[in-house]
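Heads up: the structure comes next, in structure tokens.
The values are calculated or read from the model by the stated rules, or taken from the named source; none is laboratory data. Predicted model, so just to flag it, every value in this text is computed and none were measured. Cβ placement follows ideal geometry from the backbone for every residue including glycine, while neighbour counts extend to all protein chains displayed.
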Amino acid sequence: MKDGHGDGSGSHGMPHGAPEGTIKEVYSQIKEHGDGKVSHQYMKNTQNQLRLVFWETTAGCNLECVHCRRIDVSTQLMNDDLTTKESFELVDAIAETGNPILVLSGGEPLFRPDIFDIAKYAVAKGLTVALATNGTLVDEAMAKKIVDSGVSRVAISLDGADADTHDKFRKLKGSFDMAIKGFKNLLALGMGMQVNCTIAKHNAHQFRDLYNLAVNLGAEAIHIFMLVPVGCGVEIAEDQMLPAEKYEELLNLFYDLSKEAVIQTKATCSPHYFRIMRERAKEEGIKITPKTHGMAAMTKGCLAGTGVCFVSHKGEVFPCGYLPVEAGHIKKQKFKDIWKDSAVFAKLRNTDLLGGKCGLCEYKKVCEGCRARAFYETGDYMAEEPYCIYTPKMAKSE
Ligand code: SF4
Ligand code: SF4
């Protein structure tokens, strides 16, 4: 989300103590008054403040995308989706734990008839609420309902820069055009829009075109996701996973695009972007601050279990939507206690436990590697990220 502030003179200094509030408020404060040190502190998140909760509000969806994190995707609402009452209780529990952005996702969240009641309830509780949708159900009436519910931003997934590429991946002819239409319907009502792109072999050649598409559509942000083999994604992993060298090339290109600062750019689930960003900034003699690198200065690579968690449609809590290691269950434990005490989260929060070259890496505190890809390759989520070409200095000297 674009902040409405200028560059800031930096003359006021930050208020005493760590900046507080939603990530948007904190970003504005730091951009206005802070320096690289303050954003670095925020990025380190030593207290493991909960920053983002992804909630799979339903497993039901109208599409059957080839890379879906679910295997058991349903064309209807599922019986074991949380009820409305349970959903409200979850919102209460999240608000009691921190002040994160709550991302209502699915499945397809617009499948849930009570999704707007849930969004309104969460907004009333003080949470910043975002909606992640495939966009195909967003006609003008639906767009209005979304806006009226108080959602701050809507992310629509585009997995190709043209209809053919997107529709093949999403397994529905016409889904690209429907998603674009949905995007425009929301934008016309003033909604802050984000484009999410899952990058894999089938669309890697369109990387720049996808960025241009997001800019031309009027998005305020583009988030790229590098394919993680989980759910249906496992079946296509052999064919679709990009080699590590290609990753490196694309993430470098993403860094170049981010410098244009036309829209916000975020490399999500591409942890080594944060190593590349530092290498490139060093070469350029630039210090990383929110003024030079936007929100990327305030965040780091893998946030699973350290600032982010995922709640499944049944109430299981995972470090993220791609790492199928259960940290707790909201029907058995308090959400707050899971976030604070889960053994899985404790492990993920201890970078000393990282294995292989990630364990030796001088960038491990800003990158951490993708724990889900490590899990997929080895069964150990603390093992080294398999799709990073970097050789840490300590590994070289061994
Ligand atoms: S483990 Fe981390 S980097 Fe990998 S998919 Fe999950 S949040 Fe993203
Ligand atoms: S070796 Fe691991 S910690 Fe280091 S940059 Fe690569 S993925 Fe990140």
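Counting only residues that are assigned to a loop (DSSP other than H, G, I, E, B) and either within 14 Å of ligand 2 (Cβ to nearest atom) or buried (at least 21 other Cβ atoms within 10 Å of the Cβ) (or both), region 351-379 holds 12 of them. Count of region 214-228 residues, restricted to those that are within 16 Å of ligand 1 (Cβ to nearest atom), out of contact with any helix residue (DSSP H, G or I) (no Cβ under 7 Å at 6 or more places or on another chain) and in contact (Cβ under 8 Å) with a residue 60 or more places away in the chain, is 1. Against the list (1) under 17 Å from the mean Cα position of the chain (by Cα); (2) more than 30 Å from PHE207 (Cα to Cα); (3) crowded, with 22+ Cβ neighbours inside 10 Å, the condition LEU82 fails is (1).
Run down ALA281, ALA296 and say which single residue is outside any loop (DSSP other than H, G, I, E, B), within 16 Å of ligand 1 (Cβ to nearest atom) and more than 25 Å from LYS347 (Cβ to Cβ).
Details: ALA281 fails: within 16 Å of ligand 1 (Cβ to nearest atom).
None of the others qualify; the one that does is ALA296.
Pairs are defined by a Cβ separation below 6 Å, a sequence spacing of at least 6 or placement on different chains, a first member in region 368-381 that is within 10 Å of ligand 1 (Cβ to nearest atom), and a second member that is of a type in the set (Ser, Thr, Tyr) and modelled with pLDDT of 95 or more; the pairs so defined are ARG371/TYR381; ALA374/TYR381; PHE375/TYR381. A count restricted to region 183-203 and to residues that are in contact with a helix residue (DSSP H, G or I) (Cβ under 7 Å, 6 or more places away or on another chain), assigned to a strand (DSSP E or B) and among the small types (Gly, Ala, Ser) stands at 0.
Do you know which residues across region 91-136 are touching an Asp or Glu at 6+ places or on another chain (Cβ under 8 Å), at pLDDT 95 or above and within 20 Å of ALA179 (Cα to Cα)? Hit for region 91-136 is PHE116, nothing else. Restricting attention to region 146-157, which residues are touching a helix residue (DSSP H, G or I) at 6+ places or on another chain (Cβ under 6 Å) and crowded, with 20+ Cβ neighbours inside 10 Å? Hits for region 146-157 are VAL151, VAL154, ILE156. Just one residue in the set LYS287, LYS300, LYS282 is more than 15 Å from ligand 2 (Cβ to nearest atom), out of contact with any Leu (no Cβ under 7 Å at 6 or more places or on another chain) and basic (Lys, Arg); that residue is LYS287.
The residue list LYS287, LYS291 contains one member that is assigned to a helix (DSSP H, G or I), touching a residue at least 24 places away in the same chain (Cβ under 8 Å) and over 20 Å from the mean Cα position of the chain (by Cα), which is LYS291.
With respect to the conditions (1) away from ligand 2 (no atom under 14 Å from the Cβ); (2) surrounded by fewer than 22 Cβ atoms within 10 Å (Cβ to Cβ); (3) of a type outside the set (D, E, K, R), MET382 falls short on a single one, namely (1). In region 339-350 there is at least one residue matching the filter, namely being within 23 Å of ARG278 (Cα to Cα) and either assigned to a loop (DSSP other than H, G, I, E, B) or within 10 Å of ligand 2 (Cβ to nearest atom) (or both). Once region 287-335 is narrowed to residues that are closer than 22 Å to TYR273 by Cβ and among the small types (Gly, Ala, Ser), the residue that is modelled with the lowest pLDDT is GLY294. Given the structure, is SER149 in contact (Cβ under 8 Å) with a residue 40 or more places away in the chain, of a type outside the set (A, V, I, L, M, F, W, C) and out of contact with any His (no Cβ under 9 Å at 6 or more places or on another chain)? Spelling it out, it is not the case that SER149 is in contact (Cβ under 8 Å) with a residue 40 or more places away in the chain, of a type outside the set (A, V, I, L, M, F, W, C) and out of contact with any His (no Cβ under 9 Å at 6 or more places or on another chain).
Screening region 382-398 for residues that are part of a loop (DSSP other than H, G, I, E, B) and among the small types (Gly, Ala, Ser) and picking the one that is nearest to ligand 1 (Cβ to nearest atom) gives ALA383. Being among the polar types (S, T, N, Q) and either within 16 Å of ligand 2 (Cβ to nearest atom) or in a helix (DSSP H, G or I) (or both) is a condition met by no residue of region 316-333.
Just wondering, is there one or more residues in region 172-182 that are in a strand (DSSP E or B) and within 30 Å of PRO324 (Cβ to Cβ)? No, region 172-182 has no match at all.
Checked against (1) crowded, with 20+ Cβ neighbours inside 10 Å; (2) within 16 Å of ligand 2 (Cβ to nearest atom); (3) at pLDDT 90 or above, GLU249 meets all criteria but (1). Listed by first and then second residue, the pairs linking a residue in region 264-278 that is over 20 Å from ALA304 (Cα atoms) to a residue that is within 11 Å of ligand 2 (Cβ to nearest atom) and not β-branched (Val, Ile, Thr), with Cβ atoms under 8 Å apart and 6 or more places separating them unless they lie on different chains, are ARG278/TYR363.
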